[in-house]
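Below is one structure, written out as structure tokens; comments come after it.
The values are calculated or read from the model by the stated rules, or taken from the named source; none is laboratory data. Computed from a predicted model, the values in this text were never measured in an experiment. Virtual Cβ from ideal backbone geometry, glycine too; neighbours counted across all protein chains shown. With ligands, DNA and RNA removed, areas are computed over all heavy atoms of the protein, side chains included. Shrake-Rupley method; radii C 1.70, N 1.55, O 1.52, S 1.80 Å.
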Amino acid sequence: MNFHILTLFPDMVMDGLNTSIIGRAVNAGLLSIEAVNIRDYAFNKHQSVDDYPYGGGAGMLMQAEPVYLAYKAVADKIASGQYGAGDHAAEGELPEKSAPGKRPRVVYLSPQGDVFDQKMAEELAQEEDLILLCGHYEGIDERVLEEIVTDYVSIGDYVLTGGELPAMVMVDAISRLVPGVLHNDVSAEFESFQDNLLEYPQYSRPEEWHGKKVPPVLLSGHHANIEKWRREQSILRTYERRPDLFEKCELTEKERKWLEEELRALN
Ligand code: ADE
């Protein structure tokens, strides 16, 4: 999978993503991440990319043309197969959105977008190429957004100074779903948000620490009992910590009864 991040701060993005698991996956050729500096597409001698908003108001806006040119450079390269993905498109033409050699999805990071979650990460992990557009200042001229953006995405209900951190969050969450990126494929399967349940608690050596013992079932070697205990702990944890998720998870009648009894015992 190829990520293309359009930004005014390419170093920030690349420094943050070139380490640890994601950096290793890039080195292994499972992912590619490029940061495209929008300033390289400035069309005036001062290399400025921002200007005052028409109608007045605070701050500066990123202008349409440099953003469009940066996008076009990436989209043309994708269409010509230079990233090893997609077929050739006719010269000077935007490829169709859903054909092979298709027009790539372009995510604009904005607090006005749909809120990013695990389901969206899973869906976006199916794409071969993903363009992430990071805004700064007071935002970007609406006209270029209308022309190139396919998805508006927020990482939560708070306002950041730019789209770089949200883009990095998305690249991290999506990359770990790309086959091969996590060495242990099971770890992407049994984790928080699977079936809308949070992950169960985990323990490692020693068996006793600060007077706290590892739950005995985990030392029993009885795999069916361990699985049952883990699922129950996931259910309890989700009920206690994320009632909003708990509403959406599907439990068997037996599990509901177990939870009722457990809560009664705890209170
Ligand atoms: N840009 C500024 N704040 C943001 C947020 N919460 N999510 C995505 N992009 C943003």
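Numbers at a glance
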| quantity | calculated |
| --- | --- |
| Value of relative contact order over the chain, rounded to a whole percent, pairs C-alpha under 8 Å and six or more apart | 18 |
| In Å², nearest 10: area of residue 246 left accessible to a 1.4 Å probe | 40 |
| Of the trypsin sites (Lys or Arg not before Pro) in region 1-66, those whose Cβ has at most 16 other Cβ within 10 Å and which sit in DSSP loop | 45 |
| On Cα atoms only, tilt of 253-266 relative to the major axis of the chain in degrees | 70 |
| Cross-link reach list, aspartates and glutamates versus residue 228, counting only Cα pairs under 17 Å and skipping chain neighbours closer than eight places | 189, 191, 195, 199, 250, 253, 255, 260, 261, 262 |
| For the chain, accessible area per residue (1.4 Å probe, heavy atoms of protein chains only), Å² | 60 |
| Over the chain: helical MRE at 222 nm, DSSP H runs n ≥ 4 each giving -39500 (n - 2.57), nearest 500 | -11000 deg cm²/dmol |
| Protein accessible area in region 208-266, 1.4 Å probe - carbon and sulfur % | 50 |
| Neighbour-limited loop hits for GluC sites (Glu not before Pro), region 237-267 (at most 16 other Cβ within 10 Å; DSSP other than H, G, I, E, B) | 247, 250 |
| Violating pairs (Cα-Cα greater than 32 angstrom) within the set 119/213; 72/248; 212/254; 45/102 | 119/213; 72/248; 45/102 |
| Efficiency of FRET from Cβ geometry, residue 218 and residue 248, R₀ 30 Å, rounded to 0.05 | 0.60 |
| Value of D in µm² per second that Stokes-Einstein yields for region 2-182, Kirkwood Rh from Cα pairs, at 10 °C (1.306 mPa s) | 95 |
| Cα long-axis angle, helix 223-241 against the chain (0 to 90 degrees, to the nearest 10) | 60 |
| Region 179-267: trypsin sites (Lys or Arg not before Pro) falling in loop per DSSP and having at most 15 other Cβ within 10 Å | 248 |
| With Cα atoms, 0 to 90° folded angle of helix 164-175 axis to the chain main axis | 60 |
